[in-house]
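The values are calculated or read from the model by the stated rules, or taken from the named source; none is laboratory data. As the structure is a prediction and not an experimental result, all values here were calculated from the model. Glycine gets a Cβ as well: all are built from the backbone with ideal geometry, and neighbour counts include every protein chain shown. Only protein heavy atoms, including side chains, enter the accessible area calculation; ligands, DNA and RNA are left aside. Shrake-Rupley method; radii C 1.70, N 1.55, O 1.52, S 1.80 Å.
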Amino acid sequence: MRTVPIALLLAFVTAAAPAQDASPRESEALFAEVLASTPRLRGLAAEPERYRLQICFAEIVENGDDPPRLRRYAYRPDAEYWYPASTVKLPGAVAALDALESFEGVTPDTPLRFAPLFAGEDGHEHDESNAQGGTITARHLVRKALIVSDNGAFNRLYDIAGQRGLNNTLRAYGLANPRIVHRLASARAPDAHRRAPAVTLGDTGLVIPARLDPPGIDPGLMTRWESWPTIPLGRAWQRSGEVVHEPFLMGGRNFIPLRDLLNLTAMVVRPDVDTGLPGIDLEPDSRALLIRAMTQLPRESANPVYDPSRFDDYWAHFFLPGLERAAPRHELRVASKIGLAYGFSSEVAYIEHTPSGRAFLLAMALYTNDNATLNDGVYEYELAHAAMADVAEALARRVLDLPEGEVLAPAPFTHEHVPLRGEAAVNLAAGEIFESETFGARAVSEAVASWNADVGPGAGVAFEVRVKRTPDGVWQPWLRLGHAGATPPEGVTRGKTASVAIDTLTAIDGPWSDMQFRAMAHGGPVTLHRFDAVLTSDAPAARRVRDERSAGRVEHAVPFLPNDCDDADLASRLCSPLSTRMLLAHRGVEVGPIEPLAARVHNDVHDLYGVWPDAIQAAFEAGAPGRLARFADWHAVRRHLDTVGPLAISIRFEPGELRGVAYDGAGGHLVVLYGLDEQGDALVLDPAFGDEPEARRTYRREDLSRVWLNASKGLAYALLPRGEHP
């Protein structure tokens, strides 16, 4: 732990920090623009005192050969007291790791044993949520405190550092006014929070002794709120169900300026940046632990494991929905910590657009409590979090130089409608082979194909593909993609550079660029009408597109056709042919009962009803051409809905990941996406339901982003009017 003299530290902070900042006039101009960007923000800006609104923003500015530095902007800094709630968990985690690093041989994985602190308490040395031995470790405490904002985990970190040790450590880093003086969700007198238990550090023989810190904090470090011993808030508060008609007193509670939180986040995530402060000196493993816990979503955590139905992606990320409106989530790196209590919402975050390397820091706090009553659980958090998302979007647009109405969208997928050498169709006699011209894209790592072919009785056609990597320029052997009609002789499905699994061609030891397909007729004549391939690139290029959220509702008249299969076991496997039948009905094709169509869709090699090219080929045989498609973002989805029509989409989800669904999850399920509502949420027909009112559902846009665009890489298929090739 550092031992910087406090007087010298304050002089350094005062002298060094202002040189990093924008002028008050520049800050005023910036936030005037940001807060005018949406009607919601204009409403908050009209009454900033009521909402106790504060914002800190910092650009990372290149500085020649010197380290990059922060240029900070502030809106109403420290204008009113705000309660930091769980944002103090990041400072607590940093201080606890700092304290443990002062002991030789102690790491974040050292088992910890906490002695009893108060009368009637037991000691603590076990944590059943830790899959690695069930012990209490700093690593596990930090992950729990930062990934899902666990109060108990923070309280243990507070016990490691101790009240005075925690605050003095933060001040040694250069933070001017931290005042973290109590545990969270712990209804004890202030003096109780000055006490900390003895902590045994594994089998090292080392012990952090029990502590009783003196009252108050170091002279000369009084925050402006120290002179407010009561800090009244609201007009009433609730105690044990009874309303007390007097202000709720916030005096003596935690406080830390937004600027301190922003600076600390910068020092943790970007140690290369000159903040104008002494900075922190943690071991690389400790720093990596903090960064990983700040960036990881609950569902991505393997230890602890969190139920996604309780902890969704936005559980601890208020800025994220707004950031996603500016750039795709997979291009964003967000390391953040939120706070939520007593009507106060807050977040501090480091936000990086990884393709461009542009990054910024944002900290924001506001208070929403229309009835001015505390502890009644009635706060306008939805307004607060939507406003925080709006601010994040506006600042992300500034950093990424995106005008209003434009967003960055990825282009990892390309659709290749492979020309049949200038002909509308290719006729093949039995034994004939057609080879396409070369096609492809930059750095292709995956391909899925589809086809439309007329196949006579007893005839069949096999489809194969080969690839060539640019460095060696050598074509690899042909690999079997699939077939239509009668089953052909077996083909090769694995080579040195690529392999086929059911219907997907995947690179083995590096991407390719050039491709070629061939069709081989057998058993009778075949007519090939179209061949399409969806290619996934390892080198996607972001593009600017118009923001489609304001485009309004789009909806296609797709009829609902229930599952009329009499075989219960078979009926549960037919989401693909059921979706195909509804798309056919939309195209004016009547196909009758589901069993004959299901027989056409069925893949006899793999005994599956969900092989993509087989569903598209079956639809073509029934009367409507079709093709495979893949979507990286909702802009491309809307464009398809506007210009082509509805889609059958593939979703994969665990319990709780898809709100509004009545079943627990799906390893692979197809639904018909027939439109978007005014909010951009998805209008779907779900064949898992037996009647139309249940089957017509609206699934949240962000949920389908997770279970379709991400989990299934946006895979879908579309049926077209005959003769069209969009």
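Couple of notes before you dig in:
- Taken across the range 286-308, residues that are assigned to a loop (DSSP other than H, G, I, E, B), surrounded by fewer than 20 Cβ atoms within 10 Å (Cβ to Cβ), under 18 Å from the mean Cα position of the chain (by Cα) and of a type in the set (Val, Ile, Thr) do occur, with at least one present.
- Scope the range 269-279; condition touching a Lys or Arg at 6+ places or on another chain (Cβ under 8 Å) and open to solvent by less than 40 Å² (accessible area, probe 1.4 Å); matching residues: 273, 275, 276
- Of all residues making up the range 228-282, the number that are of a type in the set (Val, Ile, Thr), more than 29 Å from the chain's Cα centre (by Cα) and at negative phi: 3
- Which listed residue is touching a Ser or Thr at 6+ places or on another chain (Cβ under 8 Å), at pLDDT 85 or above, part of a strand (DSSP E or B) and among the small types (Gly, Ala, Ser), from 384, 394, 365, 359: 365
- Residue check for residue 589: in contact with a Gly (Cβ under 7 Å, 6 or more places away or on another chain), open to solvent by less than 50 Å² (accessible area, probe 1.4 Å) and without any contact (Cβ under 8 Å) to a residue 40 or more places away in the chain: yes
- The range 516-530: number of residues that are small (Gly, Ala, Ser) and open to solvent by 30 Å² or more (accessible area, probe 1.4 Å): 1
- Residues (open to solvent by less than 60 Å² (accessible area, probe 1.4 Å) and either among the aromatic types (Phe, Trp, Tyr) or out of contact with any Gly (no Cβ under 7 Å at 6 or more places or on another chain) (or both)) located in the range 239-252: 241, 244, 248, 250, 251, 252
- Some residue of the range 370-377 being over 30 Å from residue 144 (Cβ atoms), surrounded by 20 or more Cβ atoms within 10 Å (Cβ to Cβ) and at pLDDT 90 or above: yes
- Strands (runs of 3 or more DSSP E) (entirely within the range 673-726) containing at least 1 residues that are surrounded by 16 or more Cβ atoms within 10 Å (Cβ to Cβ) and of a type in the set (Ser, Thr, Tyr): 696-699, 715-719
- Residue within the range 345-362 that is open to solvent by 10 Å² or more (accessible area, probe 1.4 Å) and closer than 20 Å to residue 76 by Cα present: no
- Residues that are assigned to a helix (DSSP H, G or I), closer than 14 Å to residue 575 by Cα and not hydrophobic (A, V, I, L, M, F, W, C) within the range 601-643 comprise just one, 614.
- Residue in the range 453-471 that is without any contact (Cβ under 8 Å) to a residue 40 or more places away in the chain and either surrounded by fewer than 18 Cβ atoms within 10 Å (Cβ to Cβ) or closer than 22 Å to residue 718 by Cα (or both) present: yes
- In the range 634-684, residue modelled with the highest pLDDT [restricted to those that are within 17 Å of residue 552 (Cβ to Cβ) and aromatic (Phe, Trp, Tyr)]: 674
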